[in-house]
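Only one structure is covered here, and it is reproduced in the block below.
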Amino acid sequence: MNRQASIAPTHTTRAASKTSGSSESLSGQLDVRPPRVVHIITGLGQGGAEHMLVRLLETSGAPERFHVVSLGDDGYYAARLRAQGIGVTSLGLQKNLGALVTMPRLVRLLRRLRPEIVQTSMYHANLFGGLAARLAGVRALVWGIRQSSLDRHYHSVRTIRIARLGAWTSRWLPERTVYCSQQAVTAHVAFGYDARRLVVLPNGFDLASYRPDPAARREFRRELGIGDDEDVIGMVARFHPVKDHQGLLAAFGALRDRQPDCRLVLCGQGVGPENAVLQQQIKNLSLEGRVMLLGPRQDIARVMNGIDVHVLSSSSEGFPNVLGEAMACGTPCVATDVGDSREIVGDTGWLVPPGDRDPLTRALLEAIGETAEQRASRGARCRQRIAERFEIGAVSRRYAELWQEVRTSRDGV
């Protein structure tokens, strides 16, 4: 069985044992309408989990069947969801005692919306959204876990505590838990999460939005003053220790000694000119003028078209969306072999050990050293792999099948 769509055998048997009688409509026909689904997520800022939710809902059809609840504020994506006809409610949850105030509001909202399914995403939403769903009388609850590890070096004490509560409640609170990668499954089962109810569904990519675009490439380079023939390496990632920007800069410094005209473009939250840590390292490595810190961008498809190679230097990942986005644009990737990077990249790019500068430097040198013909051929294979394995429409259908199965299972109790 394809591990990315696998359902734990004991759980599949459980669902199959249910009768479909009580899931029939009043006319006696099996109810095959899309279920009413409320999605509860920690926030709607620019992040991988948030972007995946938006892509999923935009391609699922029947927007009136969905409602999104952000425990935080509107963030970056609320307006985009509303423009698609999808309802959005932001609860403005604050830290500390905020959950005690917000929980009754969330329970009342769920009672008013009367969803058939509640789908949550990320630790805080899984726990608080799951408890609220139960208090509101919602029987069908599906959790979503995006993180690939629970390393205390990369998560706050508060997040680890919430995750630990999640591990305990995972045995009785959700009907299913969806993981975005096999790496996430391994880490969370070892942490104590219930292994009987898991489903692995990968992220998906919109091939119409992420596609090769020569005009976008020219515009991006013109904006930055980069010549058409200059070699450009790029990384789209927020500033966080797990992304290892400093290790990437060290590798690029070694590469620059052999390819002095190559440029490095860095995009993401916290990766702007104001980042004193990165600016100091750029100065120490004498990389001024060769490294560009662009900060957060709203035109990621244009960025991916504008660079020649996308690099991901992370020490830990789940299912890194940026690799699929780059590959869908025909841009090959050099990535550390963490999370599901190997599953995404396959034989279309380069995989290197995390935290080791020399293999990363060698892979980047090899990538930018290819001829125009080799790059074109590799880029076509990149896009083909994403189209065959991770197209968003196929992923959306798999979620719809899961929700239908959960509704049928719960109605058959």
ARG385 vs. criteria outside the structural domain of SER121 (by TED's automatic domain parsing), modelled with pLDDT of 95 or more and touching a Ser or Thr at 6+ places or on another chain (Cβ under 6 Å): yes
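Looking only at the range 151-172, count how many residues are in a loop (DSSP other than H, G, I, E, B) and surrounded by 22 or more Cβ atoms within 10 Å (Cβ to Cβ). Break it down stepwise before answering.
Filtering the range 151-172 down to residues in a loop (DSSP other than H, G, I, E, B) leaves 151-156, 170-172.
Subset that is surrounded by 22 or more Cβ atoms within 10 Å (Cβ to Cβ): 170.
Selection size over the range 151-172: 1.
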Filter result (within 23 Å of ILE117 (Cβ to Cβ) and more than 22 Å from the chain's Cα centre (by Cα)) within the range 155-167: LEU165
Odd one out for GLY318 among (1) in a helix (DSSP H, G or I); (2) in contact with a Gly (Cβ under 7 Å, 6 or more places away or on another chain); (3) assigned by TED's automatic domain parsing to the domain that holds ILE233: (1)
Checking GLN269 against (1) surrounded by fewer than 21 Cβ atoms within 10 Å (Cβ to Cβ); (2) more than 18 Å from HIS240 (Cβ to Cβ); (3) not hydrophobic (A, V, I, L, M, F, W, C), the condition it does not meet: (2)
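What number of residues in the range 332-368 are assigned to a helix (DSSP H, G or I) and either within 18 Å of ILE233 (Cα to Cα) or not acidic (Asp, Glu) (or both)? Reasoning before the result, please.
Quick first cut of the range 332-368, residues assigned to a helix (DSSP H, G or I) only: 341-345, 357-368.
From what's left, either within 18 Å of ILE233 (Cα to Cα) or not acidic (Asp, Glu) (or both): 341-342, 344-345, 357-368.
Number of matching residues: 16.
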Pick from the range 242-297, criterion more than 30 Å from GLY45 (Cβ to Cβ) and acidic (Asp, Glu), ranking: modelled with the lowest pLDDT: ASP257
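The values are calculated or read from the model by the stated rules, or taken from the named source; none is laboratory data. Since the structure is predicted, the reported quantities are computational estimates derived from the model, not experimental observations. Cβ: placed from backbone, ideal geometry, glycine included. Neighbour counts: every protein chain shown.
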